[in-house]
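First the structure, in the form of structure tokens, and then the observations on it.
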Amino acid sequence: MIRIRMPTKTIDDGVHRNRAILATAAIATAILIMVGSWIIVRYIIVKPVKHLKEVSDAISAGELNVRSEIQTGDEFEDLSHAFNRMLRHLVSMQDQWRKVNADLDRKVDELAQTNLALFESNKLKGDFLATMSHELRTPLNSILGFSDVLLSSDALTEKQRRWVSNIQTSGQKLLALINDILDLAKIESGKMQIRLENINLHDVFEGLLNMFRPLAEKKNIDMRTQIEPDIPLLRQDHTKLQQILQNLMSNAIKFTPEGAESCSRRRPTRNS
């Protein structure tokens, strides 16, 4: 039997040395990988994103002339181009909105000027109607006064009396029309006043019948009134009430067929 003995110290030292070298190389490689990864993330990913954030903050602050400048040759550069296109479109839309707002402001100014001109015209119209109505009422009252004097004279023939009566009726209609125009001017100017007084409807209806009887007779219309004898006094504006009733009776005579009857009735009511 042969026994061979060889020293292994040299081999063990080499193995330990190789292990140390491998461990050192592994650690160095890991450090290099970490540093490289940090550099890649820092300059390839984080920096473009940070640049886009700075551009967005500048746009939020109102600086629309800034642009994103990323030249990495990858998707971040494409994103930068898309961001710039969106920014140019935003600037274009802002210019259009500015023009639209300017047009709206101009139209609002024109509308305000038109409204002011309409207000002035309406005021002038109201003043003109009030003045015209006032100036026309004076000669009309004179005509009506002279017609009353002529009707009270006994020297007139029946035909002349009928002519004077027609003049008086036409003058009263024209005066009522002028009063309506004057009331319209007062309503538009806010100066219409209501004067309340106690009114006897018997007297009101009798006056209306006497006024419209000639028109009714021309159309052969039998016009009469039926009022309860115990009807109370009505508290209203006598002029306004008479104008309303005159309009109603005028329309009734105008649209009532010839030979028909027109009857005005009034039932007892409480004072109002």
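The values are calculated or read from the model by the stated rules, or taken from the named source; none is laboratory data. This one's a predicted model, so the numbers in the text were calculated from it and none came from an experiment. All Cβ positions, glycine included, derive from the backbone under ideal geometry; neighbour counts span all protein chains shown. Only protein heavy atoms, including side chains, enter the accessible area calculation; ligands, DNA and RNA are left aside. Shrake-Rupley method; radii C 1.70, N 1.55, O 1.52, S 1.80 Å.
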Determine the order of 60, 121 by accessible area, beginning with the largest, at a probe radius of 1.4 Å.
-> 60, 121
Using only Cα atoms, what is the ratio of the radius of gyration of segment 13-54 to 2.2 N^0.38 Å?
-> 1.93
Among all the lysines, which ones have a C-alpha under 16 Å from residue 107's C-alpha, if same-chain residues fewer than 8 places away are not counted?
-> 99
Given 4 °C, 1.567 mPa s and a Kirkwood radius over Cα pairs, the Stokes-Einstein diffusion coefficient of segment 34-180 in µm²/s is 54 µm²/s
Largest first, how would 181, 40, 70 line up by accessible area (1.4 Å probe)?
-> 40, 181, 70
Which trypsin sites (Lys or Arg not before Pro) from segment 172-254 combine a DSSP loop assignment with at most 13 other Cβ atoms within 10 Å?
-> 191, 195
Set of lysines with alpha-carbon distance to residue 219 below 28 Å, sequence-local pairs under 8 removed = 159, 173, 240, 254
1.4 Å probe accessible area per residue over segment 190-243, in Å² = 63 Å²
Can you give the convex hull volume per residue for the Cα atoms of segment 142-215, as a whole number of Å³?
-> 123 Å³
Can you work out the FRET efficiency for the pair residue 184 and residue 111, with r the C-beta to C-beta distance and R0 = 22 Å, to the nearest 0.05?
-> 0.25
May I ask you to give the percent of accessible area on segment 149-232 that is carbon plus sulfur, with a probe radius of 1.4 Å?
-> 53 percent
With a point put 7 Å past each Cα toward its Cβ, work out how far residue 228 is from residue 157 in nm, to one decimal.
-> 5.0 nm
